[in-house]
Amino acid sequence: MSDRRLVGIDLGIASAHAVRILNGEGVTLAKRKAVPTVASLSEIESVALAGTSAGTRLEVVIEPPGPAWLPIAVFFIGRGHLVFRVSSAESADLRRYLSRHARTNGIDADTLARIPLVNPSGVRPLVLPEADAAALDRRVRATDRLTRAIAEHKTRIKALVRQVMPMSPLTGKMTRADMAVLERWADPNLLVKAGPKRVGAVIVAASKGHTSGDRALEWIDAASAALDLYGGNPAVAFAEIAAEIASEVRLMRVTMDELDLHATARELAYAHVDPAGLARSLPGLSDIGGPALVATMGDPTRFKTGKHFRSFTGLTPRASETGDSDRKGQPISKSGSSLLRTTLVRAADTARKQDPQLARIYYVQMVERGKNHLGALCVVAAALAERAWTVINRQSAYIICDIDGSEVTTEQAATIIAERWSVPDDVRGRRRSKKGKAPQTGAKRRHQRGDLPRPESSTTHASGVNPNRERTQRTHRLTPQPA
């Protein structure tokens, strides 16, 4: 313990890093400042190793505020030391106790250095990826960021178009033909003057013949309705809003071109990291989800079991136990990579329609456990995460099986899901959180037509039996139960 050295580094973005050096008993030995240079970090290493025996490995603890952690990790791992990268939430709890009413960079560094003492089983040494894996990780991050940027541009464009044309035809997917129209004639006055023939020609050319000129009439009708509504009111700055729309369209087009470049490079990197395409053999994970899974998982051997990887995704519920009580139905932890978690949840919606075992999980959560669609998807995503770890760790492609473990084809799986694990419409309607009437059952429709007598308005018969409760119990008994 006397030779153990803990180094906590509070990374500064525009300032020097604060460093605290502790021994194995938690006694502070030195306080320093450092910058990301070889000379400065070598000085920290020398101070920390002073008085220790040969072969002592420093335990460096950092939390990742942006990319500032990478130079520190590369330097100390290259020197043979251990580097622990902990989450901000983990350090915040201990910092709250140590700092009490004050917070300084020194306290933050001291907090980080003490985490291996307080929670030794909760830290794992950081392993830097190889060249191919690092390249894939960067390409996946770039494509995800550009995809979100494109979505923001689309949202902004639709909002601006609804301002100048309240009856906007942009009610669904925005195409390149729509972008071409908006870049030229976002002003309703100019759009009406251009006429259907000219606008239709631009639409056909921009869509390469996939969209007909009839779309031009929709745009011109929306522009005419806007002019009739506003009546030339000076409060509506048509020209200025049109200029802003054109800028957003140009920015979105550039972003889309950049996305195509990074997506192409992502495919090349993915081919080197996962040449067998094992991640894409999983249901629901295709061109985008497969590389994202591989990049965020990293080396699968750093997780002992699939449950450890599932916990890493943040899809596991929080624990809340006291005494003999155990509160179920807690929210998921949401720890780890948000990109990985989002990828798995989106994949789960497709996977439940392809894999009978995952469809059964979704069915049980919706029908028997009372979860809504998103809650059930999170449970399916957690199960999919364990299967993903198994596939990557064993280096074997995913095989779709029935609930008894027998292998089935894609057509057989679809038939099994349709016959046994399809959530009834009335159940899905009751679980839906949006406003609106739930789908009516056949019995309710027959009551409204007069084919069946309505139940008594009173909640209880003279016999003391609640007819509504009896009817509910009969419905549950008729509901098919999972095997």
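None of the figures in this text is laboratory data; all of them are computed from the coordinates on show. Remember, it's a predicted structure, so these values are computed and weren't measured experimentally. Please note: Cβ atoms are built from the backbone with ideal geometry, for glycine as well, and neighbour counts cover all protein chains shown.
Obtain the nm distance between the two label points defined at residue 401 and residue 167 by a simple spin-label model: each point lies 7 Å from its Cα along the Cα-to-C-beta direction.
5.9
Show me 242-254, 43-55 ranked by packing, highest mean number of other Cβ atoms within 10 Å first.
My ranking of the peptides, most packed first, is 242-254, 43-55.
What order do you get for 121-134, 217-230, 357-370, 256-269 when each peptide is scored by the mean count of other beta carbon atoms within 10 Å, highest first?
Listed from highest to lowest mean packing, they are 357-370, 217-230, 256-269, 121-134.
Could you check how many percent of all C-alpha pairs in region 144-183 are farther apart than 14 Å?
Across region 144-183, Cα pairs with separations above 14 Å total 49 percent.
Given labels modelled 7 Å from the Cα in the Cβ direction, how far is it in nm from residue 415 to residue 31?
Inter-label distance under the simple model: 7.5 nm.
Once the principal axes of the Cα atoms of region 358-420 are found, what is the range along each, listed largest first in whole angstroms?
Extents along the principal axes, in whole Å: 36, 25, 16.
Cross-link partners among aspartates and glutamates for residue 193, C-alpha distance below 19 Å, same-chain residues fewer than 8 apart left out?
Cross-link targets: 178, 183, 214, 218, 221, 228, 240.
Pull out the extension gain between residue 307 and residue 339, defined as 0.36 nm times the separation in residues minus the alpha carbon to alpha carbon distance; nm, one decimal.
9.6 nm is the gain from fully extending residue 307 to residue 339.
Assuming a viscosity of 1.567 mPa s and a temperature of 4 °C, what translational diffusion coefficient in µm² per second does Stokes-Einstein assign to region 279-420, Rh being the Kirkwood radius over Cα pairs?
Stokes-Einstein gives a translational diffusion coefficient of 83 µm²/s.
Would you grab the residues whose amide H sits under 5 Å from the one on residue 5? Only those 5+ places off in sequence or on another chain, please, with H modelled 1.01 Å from N.
Result for residue 5 returns 59.
Residue by residue, what Karplus-based ³J(HN,Hα) values in Hz, rounded to whole numbers, does region 179-190 have, using 6.51, -1.76 and 1.60 with θ = phi - 60° and x for Gly and Pro?
Residue by residue, region 179-190 yields 4, 5, 5, 5, 5, 9, 9, 5, 6, x, 5, 6 Hz.
So if each residue of separation counts as 0.36 nm, and I subtract the Cα-Cα distance between residue 264 and residue 56, what length gain in nm does that give?
Extending this stretch completely gives an extra 70.4 nm.
I'd like the per residue volume of the convex hull spanned by the Cα atoms of region 171-265, given in cubic angstrom.
101
Expected output is a single nm value to one decimal: the length gained when fully extending between residue 230 and residue 79, i.e. 0.36 nm times separation in residues minus the C-alpha distance. What is it?
47.4 nm
Which FRET efficiency value, to the nearest 0.05, is calculated for residue 118 and residue 272 with the Förster distance at 56 angstrom and r the Cβ-Cβ distance?
Calculated transfer efficiency: 0.90.
Of the options 180, 196, 167, report the single residue whose Cα projects farthest towards the positive end of the charge dipole of region 143-224 (beta-carbon charges: Lys, Arg +1; Asp, Glu -1).
With unit charges placed on the Cβ atoms, the residue in question is 180.
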